[in-house]
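Novice: Handing you this structure, nothing more for now.
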Amino acid sequence: MVLFLDLDYFFAQVEEVEKPEYRDRPLVVCVYSGRTESSGVVSSANYVARRYGVKAGMPIRLAMGKLPSDSVYLPVRMEHYLKVSRDVMDIARKYSAKMRVESVDEAVLDVTEVVDGSFDKAREHAAKLKTEILERKSLKCSVGVAPNRVLAKMAAEAAKPDGLKVVNPEEVGVFLAGQPVEALPGVGHKTKSLLEDLGVRTVADLGRLDIDVLENVFGPKKARYVYLASRGLFDEPVQERGAAKQVSRILTLKRNTRSLDEVEHALAKALTQVLNRLSSLRMAATRLGIIVITSEIKTFTKQVEIRPGSSYDELMRLLRSMLQQVLSENPSLMLRRLGVRMSGLLSLTGQSTLTAWSEHES
Ligand code: TTP
Ligand code: MG
Ligand code: MG
């Protein structure tokens, strides 16, 4: 039995909690690229801003066009969010020793043993976790409890904001049937449109397809996943990550490009995920690298030495400059995938944190 935790509008909520004067106004946290005053993308939007159609990944300028004039725009404070994230994860860890930090604001916990397999007890357990996070960090989150990880994540998503949803084994069929395919974790735009070509719109439609049909379109690995997940059967154990020598994340771009502006969001997202992983491992890196995979599936990499605990902005600057170098050395290269790798890892023991490092060193 799995409990899935996801903080609500995480970065924006942290800002809202710490700056109560902004409460009830549309608030967006932005990754500014520095190119012009308003170039960059939205990283997180509170629910008031979302009512105007603003969401993560949107260019800041587009968001400004949608939002009223009293809206609040704040720059990301990544080190701070990572610290808050660690505090939340430390609270969550008390609710099961079998826990995995999935992202800066998500954790999965196998709670089977802690609640003796009882979904009623699991609901109480989850409610306690929500209360403790609210009391100690003033943060709201949404929690899903279900027989496996995929279902628990979907339950948490369905419970947003500030919700708690338990899907017990008898309810799985009904819960899944009503959902659109894109509610399944791992089903993005591309998968969704391939499924549409097969006449599939809902998870229930998907649950009627044979695995061979899926294999023809997606290959065996993804086919197996969507086949099982749509039936509520995809299951894998929750495991803590082992010792890491390097941490990397590679993302596929929406389309092939040479434009730095167009890849800014992917770069920021990959860096965020890498920093979050390092932070949850309590590690700091001494090398930063960029991984470029071209439209012809050639790979180029570059790396630089960094000061452990370098700021997010500094790291973004270095990544942009390495990318610029790769582009100017290869004038005909088109970017297809982009990745960030941090290596030369040092363990941050005891109470020291990334923030403590950077404060100490600067
Ligand atoms: P999410 O959990 O996807 O989003 P959220 O917490 O802002 O909103 P929700 O209530 O729907 O959970 O992501 C967690 C944080 O990761 C988010 O606050 C900011 C960051 N992030 C980005 O920087 N860019 C992105 O495209 C996304 C999706 C998230
Ligand atoms: Mg969230
Ligand atoms: Mg999340």
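Readers should treat all values here as calculations from the given coordinates under stated rules, not as data from a laboratory. As the structure is a computational prediction, the values presented were derived from the model and not from experiment. Cβ placement follows ideal geometry from the backbone for every residue including glycine, while neighbour counts extend to all protein chains displayed.
Novice: Would you please put 16-24, 302-310, 139-147 in order of how densely packed they are, using the mean number of other Cβ atoms within 10 angstrom per residue and starting with the highest?
Specialist: On the way: 16-24: 13.4, 302-310: 16.7, 139-147: 23.8.
Ranking the peptides 16-24, 302-310, 139-147 by packing returns 139-147, 302-310, 16-24.
Novice: Right, another one. Roughly how far apart, in whole Å, are the Cα centres of segment 36-102 and segment 197-224?
Specialist: For segment 36-102 versus segment 197-224, the Cα centre distance is 33 Å.
Novice: Does segment 75-174 classify as rounded, prolate or oblate by the C-alpha gyration tensor (a ≥ b ≥ c root eigenvalues; a/c under 1.5 gives rounded; else a/b over b/c gives prolate, otherwise oblate)?
Specialist: Prolate shape, in that a/c is at least 1.5 and a/b is the bigger ratio.
Novice: Can you give me the relative contact order of the chain as a percent, contacts being Cα pairs under 8 Å and 6 or more apart?
Specialist: 15 percent
Novice: On to the next question. Run the simple label-point estimate for D313 and D70 please: 7 Å along Cα→C-beta, distance reported in nm.
Specialist: 2.9 nm
Novice: Now, a different point. Would you mind calculating the gained length between E124 and Q325 on full extension (0.36 nm times residue separation, minus the Cα-Cα distance), in nm to one decimal?
Specialist: This chain segment gains 66.9 nm when fully extended.
Novice: Above 40 Å lies some portion of the pair distances; for the chain, what is it as a whole percent of all C-alpha pairs?
Specialist: Of the Cα pairs, 14 percent sit more than 40 Å apart.
Novice: Please give the peptides 44-54, 205-215 ranked by average Cβ packing (other Cβ atoms within 10 Å per residue), highest first, as a rough proxy for protection. Provide the component values of the computation, followed by the final result.
Specialist: On the way: 44-54: 19.9, 205-215: 15.4.
The most tightly packed comes first, giving 44-54, 205-215.
Novice: While we're looking at this one, here's another question. So how far apart, in nm, are the two label points at R255 and K19 if each is 7 Å from Cα heading toward Cβ?
Specialist: It works out to 3.5 nm between the two label points.
Novice: If packing is taken as the average count of other Cβ atoms within 10 Å, what order do 249-262, 312-325 fall into, highest mean first?
Specialist: Put in order of decreasing packing, that is 312-325, 249-262.
Novice: Continuing with this model, one more query. What order do you get for R100, R149 when you list them from fewest to most C-beta neighbours inside 10 Å?
Specialist: Details: R100 16, R149 24.
Least crowded to most crowded, the residues run R100, R149.
Novice: Need one number: the % of Cα-Cα pairs in segment 194-302 sitting beyond the 17 Å mark.
Specialist: Across segment 194-302, Cα pairs with separations above 17 Å total 69 percent.
Novice: Next question. For the cross-link pairs K153/K222; K94/K128; K153/K245; K55/K140; K160/K254, which exceed 21 Å when the distance is taken from alpha carbon to alpha carbon?
Specialist: Violating the 21 Å limit, Cα to Cα: K153/K245; K160/K254.
Novice: Over the Cα atoms of segment 122-165, Rg to Rh with Kirkwood Rh, two decimal places?
Specialist: Answer for segment 122-165: 0.98.
Novice: Under a point spin-label approximation (7 Å from Cα along Cα-to-Cβ), what is the I297-A97 distance to one decimal in nm?
Specialist: Result: 4.5 nm between the two label points.
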